[in-house]
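Novice: Dumping the structure here so I can ask a few things about it.
The values are calculated or read from the model by the stated rules, or taken from the named source; none is laboratory data. As the structure is a prediction and not an experimental result, all values here were calculated from the model. All Cβ positions, glycine included, derive from the backbone under ideal geometry; neighbour counts span all protein chains shown. All accessible areas refer to the heavy atoms of the entire protein, side chains included, with ligands and DNA or RNA removed. Shrake-Rupley method; radii C 1.70, N 1.55, O 1.52, S 1.80 Å.
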Amino acid sequence: MVKKQSSLHVLGVSVLMVLLCCVNYSLCEKIKTYKLTRGSLSVTFTNYGAVMTSLLLPDRHGKQDDVVLGFDTVDGYKNDTTYFGAIVGRVANRIGGAKFKLNGHLYKTDPNEGHNTLHGGSKGFSDVIWSVQSYVPTSHITFTYDSFDGEEGFPGNVTVKVTYMLIGENKLGVKMEAKPLNKPTPINLALHTYWNLHSHNSGDILSHKIQLLAGKITPVDDKLIPTGEITSVTGTPYDFLEPREIGSRIHELPGGYDINYVIDGPIGKHLRKTAVVTEEVTGRKMELWTNQPGVQFYTSNMMTRVVGKGKAVYEKYGGLCLETQGFPDSVNHKNFPSQIVNPGESYLHVMLFRFTAH
C-alpha cells in the first residue's frame, strides 16, 4: 500500500509538471551555459535571462582577461538586482508611474522601483528561462521566449528572439527581434552588460576614456524619469563628443552617469556609430554601433559590495553600461520616438561591437 501511494504521488507530480509546462513552457527548460569562440574572442552565455556571462579579450600583449562583470553560478543571476549581462524587457529602462495609455486603454505595469516600472517589472525578460533555437559554437546562439498577454501588465502575446553572433575575428553582433501576435504593445529590449576593459575585477572604470557620438540627452527628475525635454550636452558634464576620461567631471553629477543620450544622425535601417571606449593600461578598445535612437550610459552608481566571479567584490563605478534603446518612458512622451509595435509589424534592435588592442 505504501508503494502504491508513492507511485500515485509521483504520477500526480508528473502530471502536474506536464500541465505547468503546457501553461508555461519555460518551466520545462533546463538552465545551461553556452560558449562561442572564434580566434581570440570567447563569449559565454546562459539561457537564464539570455545573459552574457563573460567575454574574454586579449590586451596589447596578448594576455586574455574577462571584461564583463557577472557571477560564477546561475544562482547568482537568479538573485541579481544589477541585471548583469541580461536582456531586459518587455520595456527596458523606466516607465513613469508604472502606467501608460494605448488606444484609449490605461495599462498598469508592475511598479518594481518605487512607483515606477524598471526593465519590465519584477519578473522581466532578465528573470525568465529562454529556449535555445540554434547554437553553433564557432558562430552564433539564438535564444527565444514567448511573452504572454498581461505579463507584468503589458498587453498582448509577443514572440521574442535574441541572437548573439561572432563576426570575423573581433566583432560581436547582437540582434533582438520581437513580433506582437494579437495586440499593439510597447517593445524596447536592451542588453545590460557591465564592461570593464581592464578586467572585471580590476576596480573602477573612471580612467576609461569614452566618446559618445550623441550631442543631446533626455533630462530626468530625481526618480530618473525623463521630463520630456531634449537638451544639448554642450557645456555640461554629459559632453563626451570628444574622448575624455569618465571620471574627469563625474564629481559634478549626483552619483554618476545614468542618462539616455540621443544618438547623432538620422534614425533608419543603417547602423550608426554610437560609442568608443578605450583603456590605456591594456590598450583595449571597444566600438559600438546600433540602429536604435538612444543609448543609456550608466556607471554602476548604485552597486555596493556585490560579490561576483572569482569572489571579486564589485563596488560603485566598477563597470560601465552602454544600453542602446528607445528613449526611457517613451510610452508617456509623444515627442519621443514611439515604441509601439502592432500585430503584423516587427521590432528589430541591432548592436555591433568591435574589439581591438593597441
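Novice: Here is the link list: Lys30/Lys161; Lys78/Lys99; Lys30/Lys108. Which ones come out longer than 23 Å on Cα distance?
Specialist: Lys78/Lys99; Lys30/Lys108
Novice: Ordering Glu169, Glu245 by accessible area with a probe of 1.4 Å, largest first, what comes out?
Specialist: Descending order: Glu169, Glu245.
Novice: With a 10 Å radius around each residue's Cβ, average the other Cβ atoms per peptide and rank 172-178, 86-92, 133-139, highest first.
Specialist: Top to bottom by mean Cβ count within 10 Å: 86-92, 172-178, 133-139.
Novice: Can you order the peptides 34-44, 293-303 by their average number of other Cβ atoms within 10 Å per residue, highest first?
Specialist: 293-303, 34-44
Novice: When the Kirkwood radius is taken over all Cα pairs of the stretch 160-219, what Stokes-Einstein diffusion coefficient follows at 37 °C and 0.692 mPa s, in µm²/s?
Specialist: Value of D from the Cα-based Kirkwood radius: 209 µm²/s.
Novice: Sticking with this structure for a sec: With every protein chain present, what is the per residue accessible area of the chain (1.4 Å probe, Å²)?
Specialist: Heavy-atom accessible area per residue stands at 44 Å².
Novice: Magnitude of the Cβ-charge dipole of the chain, K/R +1 and D/E -1, about the Cα centre, nearest 20 debye?
Specialist: That gives a dipole near 860 debye.
Novice: Identify which of the listed values of Cα extents along the principal axes in Å was calculated from the structure shown: (i) 66, 47, 37; (ii) 66, 65, 43; (iii) 77, 53, 37.
Specialist: Here Cα extents along the principal axes in Å agrees with entry (iii).
Novice: Using heavy-atom solvent-accessible surface (probe 1.4 Å) with all chains present, what is the largest-first order of Glu229, Glu29, Glu315?
Specialist: Per-residue accessible area, sorted high to low, gives Glu229, Glu315, Glu29.
Novice: Can you tell me which of 109-116, 266-273 comes out highest on packing, and rank the rest after it, using the mean Cβ neighbours within 10 Å?
Specialist: Taking the mean over residues of other Cβ atoms within 10 Å, the ranking is 109-116, 266-273.
Novice: Taking the Cα centre of the stretch 95-161 as origin and charging only Cβ (+1 Lys, Arg; -1 Asp, Glu), how large is the dipole, in debye to the nearest 20?
Specialist: 180 debye
Novice: Here's a follow-up. Among Leu189, Tyr48, Met286, which residue has its Cα positioned farthest towards the positive end of the charge dipole of the chain, with +1 placed on the Cβ of Lys and Arg, -1 on the Cβ of Asp and Glu, and the dipole taken about the Cα centre?
Specialist: Going by the Cα projections, it comes out as Tyr48.
Novice: Pairing the Cα long axis of helix 2-23 with the longest principal axis of the chain, what angle in degrees results, from 0 to 90 and rounded to the nearest 10?
Specialist: Compared with the principal axis, the helix lies near 50 degrees.
Novice: Leaving ligands, DNA and RNA out of it, rank Thr304, Thr117 by accessible area with a 1.4 Å probe, largest first.
Specialist: Most to least solvent-accessible, the answer reads Thr304, Thr117.
Novice: Between Glu280 and Gln133, how many nm apart are label points set 7 Å from Cα along the C-beta direction?
Specialist: Simple spin-label model gives 4.5 nm for this pair.
Novice: Further question on the same structure: Hey, could you grab the Kirkwood Rh for the stretch 61-154? Inverse mean 1/r over distinct alpha carbon pairs, Å, one decimal.
Specialist: Final number for the Kirkwood radius of the stretch 61-154 is 15.5 Å.
Novice: Report ³J(HN,Hα) in whole Hz for each residue of the stretch 260-266, in order, from the Karplus equation J = 6.51 cos²θ - 1.76 cosθ + 1.60 where θ = phi - 60°; Gly and Pro get x.
Specialist: 8, 9, 8, 5, 5, x, x
Novice: Report, in listed order, any pair from Lys101/Lys183; Lys35/Lys175; Lys216/Lys334; Lys273/Lys334 with a Cα-Cα distance greater than 22 Å.
Specialist: Result: Lys273/Lys334 exceed 22 Å.
Novice: With a ≥ b ≥ c taken as the square roots of the eigenvalues of the C-alpha gyration tensor of the stretch 222-279, please select rounded if a/c is under 1.5 and otherwise prolate if a/b is larger than b/c or oblate if it is not?
Specialist: oblate
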